[in-house]
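Trainee: Encoded as structure tokens, here's the structure I'll be asking about.
The values are calculated or read from the model by the stated rules, or taken from the named source; none is laboratory data. Fair warning: this is a prediction, and the values are worked out from it, not measured in the lab. Counting neighbours? That spans all protein chains shown, and the Cβs are built from the backbone with ideal geometry, glycine included. Heavy atoms of the whole protein, side chains included, go into the accessibility calculation; ligands, DNA and RNA do not. Shrake-Rupley method; radii C 1.70, N 1.55, O 1.52, S 1.80 Å.
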Amino acid sequence: MVKTLKHPALLFAAVCSAVVLGAPRSAAAVEPASGREVYVRTLAAMSALPQPRYVAYRLESSSEGLQVDLATSGGQVWLNIRHGTAPERWSLRHRTYDYESEIVNGSDGRRFLSQRSFFDPTWYGAYRALRQGMLESQDPAPPHDPPPVEPTPTPGPVLKSIGMVSVMGPAIYDIEDRGSAPCPNGDSGRALHLTRRDKDPHHQLSDVIVDLQSMNFCMMRFATPSAFGFHGTVEVHYANVGGYWMQTDGLLDGTIRAFGVSMHHGTWHYRLVDMQFPSALPPEVFQQS
């Protein structure tokens, strides 16, 4: 007879141990029964994901009444969300250990440096958005691991499970199971709706879809507060790219507000293309001009 661990902390610890110690894939592929169990087990799987040291990619966008370009204010790079239809094309290079991103605007060649999680396509970026808010002001974060002396394509360190629990665990969110739902790439998934238990404005996660083959999040939706003139949702999609679980595309859907009044609604779609994982990037890539 198999005992069932009913306490959430015990269940999470057991799942984390199985993932870290390398449980057989056949066991990991068995779909959990409850939405809460799906969620807890996915946290364990995501915390064990390998991360690339460097990422290079292009962002291409299309607009349905909502235009997004880049602006600087207060020493930070912001998404300038406004009414419009012009597409954007940015080239990005990202260094994982200190979250630094170089963004070059394809239309005018302007260059930006940022540590904002929105430009980080790795799971570290999602983790930081969960901790600090997706579109909130973000102070530079301390490096999570020293830079490699001799960069190699080997994976970086994994996130600690305890950190995952602190920013998105079942003590923070109530989980409602909404049944089967396809991942954005068409794979079988399970939809969960989340309701935060506190009033922390940084706890913005509202919905996820879990890829049932990998037990990783393939869709995460953030409900942003009414700040910076925009109120709506940020939806981020993930899939396997080059052996890493990476952001592939997403959208912003919401309303531009002025003085508390809704002015214009629209949607901005973006996708990350030509993603590569170089073994090294020159240090000057991440230095101010």
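Trainee: Around ASN216, which amide H atoms from residues at least 5 apart in sequence, or from another chain, sit under 5 Å from its own amide H, with H modelled in the peptide plane?
Mentor: HN-HN under 5 Å from ASN216: ASP211.
Trainee: Taking the Cβ-Cβ separation of GLN213 and ALA33 as r and a Förster radius of 25 Å, what is the calculated FRET efficiency to the nearest 0.05?
Mentor: 0.90
Trainee: With θ taken as phi - 60° and the coefficients 6.51, -1.76 and 1.60, list the Karplus ³J(HN,Hα) couplings across region 106-117 in order, rounded to whole Hz; mark glycine and proline as x.
Mentor: x, 7, 10, x, 5, 10, 10, 10, 8, 10, 5, 5
Trainee: May I ask for the net charge around ALA86, where only other residues with Cβ less than 14 Å from the Cβ of ALA86 are counted and Lys, Arg are +1 while Asp, Glu are -1?
Mentor: Residues near ALA86 contribute -3 overall.
Trainee: With a 1.4 Å probe and every protein chain left in place, work out the accessible area per residue of region 59-115 in Å², rounded to a whole number.
Mentor: Result: 43 Å² of accessible area for each residue.
Trainee: HN-Hα J couplings of region 48-54 from phi, Karplus 6.51/-1.76/1.60, θ = phi - 60°, integer Hz, Gly and Pro as x?
Mentor: Values per residue, Gly and Pro as x: 9, 5, x, 10, x, 7, 9 Hz.
Trainee: Scan around ASP187 for amide H atoms under 5 Å from its own, H built in the peptide plane at 1.01 Å from N, and keep only partners 5 or more places away or cross-chain.
Mentor: Those lying under 5 Å, H to H, from ASP187: there are none.
Trainee: Roughly how far apart, in whole Å, are the Cα centres of region 103-123 and region 48-68?
Mentor: So the two Cα centres are separated by 9 Å.
Trainee: Got a sec to turn the phi values of region 185-191 into Karplus ³J(HN,Hα) couplings, 6.51 cos²θ - 1.76 cosθ + 1.60 with θ = phi - 60°, whole Hz, x for Gly and Pro?
Mentor: Taking θ as phi minus 60°, the curve returns 8, x, 5, 5, x, 10, 8 Hz for region 185-191.
Trainee: Continuing with the same structure: How would you order 192-205, 121-134 from highest to lowest mean count of nearby Cβ atoms within 10 Å?
Mentor: Top to bottom by mean Cβ count within 10 Å: 121-134, 192-205.
Trainee: How much accessible surface area, in Å² rounded to 10, belongs to the heavy atoms of SER214 with a 1.4 Å probe?
Mentor: For SER214, the solvent-accessible surface is approximately 30 Å².
Trainee: To continue, here is another question. Lys/Arg Cβ at +1, Asp/Glu Cβ at -1, dipole of region 181-220 taken about the Cα centre: which of ASN185, SER206, CYS218 is farthest positive-ward?
Mentor: Value: SER206.
Trainee: Give, in nm to one decimal, the length gained when the segment between GLN76 and SER188 is fully stretched (0.36 nm per residue of separation minus the Cα-Cα distance).
Mentor: Full-extension gain reported as 36.5 nm.
Trainee: A further question on this structure: Along its principal axes, what span do the Cα atoms of region 177-241 show, with the longest given first and each in whole Å?
Mentor: That works out to 36, 25, 15 Å along the principal axes.
Trainee: With contacts defined as alpha carbon pairs under 8 Å and 6 or more residues apart, what's the relative contact order of region 194-234 in percent?
Mentor: Relative contact order of region 194-234: 29 percent.
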